[in-house]
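Asks: Here you go, one structure.
The values are calculated or read from the model by the stated rules, or taken from the named source; none is laboratory data. These figures come from a predicted structure and were not determined experimentally. As a convention, Cβ positions derive from the backbone with ideal geometry for all residues, glycine included, and neighbour counts pool all protein chains shown. Accessible surface areas use protein heavy atoms only, side chains included; no ligands, DNA or RNA. Shrake-Rupley method; radii C 1.70, N 1.55, O 1.52, S 1.80 Å.
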Amino acid sequence: MQRQGSGGNAAVVVRVTGFVLLVAHLLLVAWGGLLPRDVAWVTAPNTVPLAGLRADLALGPGEAARLIAEGLLLLAPLGVLLPMCEGRLDVSRWGSLARTTAAGALVSLALELLQTAVPGQVVDVDSVFLNTLGVALAHLLVVPAARARLRRRRSERQGREQGPRQGRFLSGNEAGQGRTPRISRVPIAR
C-alpha cells in the first residue's frame, strides 16, 4: 500500500475546489441566462452564424466591444475549472484543450436551447460561438502555464523527498528497478 503524501492531498483539494467553483459558476450562469424577462417585445432568434456579431459591430466600437466581451467572458471560467476538476498534470495539451472546448460548447448549446422555453430570452447562435471561444481562450491563457508550474513544483518536491541522487530525477515507477535487460540477437538456423 502506497502512502499518499501532501501532494496527493493537494490534488484532492484542487479537484474538490474546482468542482465546487464549477457548480457555483454554472448555477450563476443558469440563473442569469434562464431568468424570464418582462419585456414588451423580443427580437427574432438569430440562427445565421455571425449575423449577430455584424449587428453588434454596427452599434459602434464601444457597444460592440462590450457585447462581444460579455459573450466571451460568460463561460470563460469553464476553460480553467473543467481541467481543475480533472486534476491531472500529465495530459496532452491539445487533448485537454479539445475536451474543455467541446464541453464548453455543449454547455453553451444547452443554455441556448433551454432559453427557447424562457419568456423574453432569445436564442443567438453567435452566443454559442463566443462562449466556446471564451472557454478556449481562457484554457489557452491559464491552464498550460499553471500545469507547467505545478509539474515543476512536484518534481522539486520529489527531489527533496528522495534526497540527492546521481543523474536525473527518477519517477515513482523507475525507483529501484534497475536497467531493462536486453536480449542479444540469435541467428535462426536454416
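Asks: Can you give the FRET efficiency to the nearest 0.05 for V118 and L59, using r as the Cβ-Cβ distance and R₀ = 35 Å?
Replies: It comes to 0.90.
Asks: List the trypsin sites (Lys or Arg not before Pro) in the stretch 46-148 that DSSP assigns to loop (not H, G, I, E or B) and whose Cβ has at most 10 other Cβ atoms within 10 Å. Which are they?
Replies: Hits after loop and neighbour filter: R88.
Asks: Given only helices, namely DSSP H runs of n ≥ 4 each adding -39500 (n - 2.57), what is the per-residue ellipticity at 222 nm of the chain, to the nearest 500 deg cm²/dmol?
Replies: -21500 deg cm²/dmol
Asks: What do you get for the angle between helix 93-115 and the principal long axis of the chain? Use alpha-carbon atoms, 0 to 90 degrees, nearest ten.
Replies: For 93-115 against the chain, the angle is about 30 degrees.
Asks: So with the 1.4 Å probe, I'd like the accessible area per residue for the chain, rounded to whole Å².
Replies: 72
Asks: I would also like to ask the following. Through the Karplus equation 6.51 cos²θ - 1.76 cosθ + 1.60, θ set to phi - 60°, convert the phi angles of the stretch 55-65 into ³J(HN,Hα) values in whole Hz; use x for Gly and Pro.
Replies: Couplings: 5, 5, 5, 5, 6, x, x, x, 5, 5, 4 Hz.
Asks: Does the chain classify as rounded, prolate or oblate by the C-alpha gyration tensor (a ≥ b ≥ c root eigenvalues; a/c under 1.5 gives rounded; else a/b over b/c gives prolate, otherwise oblate)?
Replies: It comes out prolate by the Cα gyration axes.
Asks: Given the options L141, N131, A65, identify the residue whose Cα lies farthest towards the positive end of the charge dipole of the chain (+1 on Cβ of Lys, Arg; -1 on Cβ of Asp, Glu).
Replies: L141
Asks: If you don't mind, another one. At 1.4 Å probe size, with the rest of the protein present, what percent of the exposed accessible area of the chain is carbon and sulfur atoms?
Replies: 64
Asks: For a label point 7 Å from the Cα of A148 along Cα→C-beta, name the residues of the stretch 79-104 whose backbone N is under 16 Å from it.
Replies: 89-94, 97
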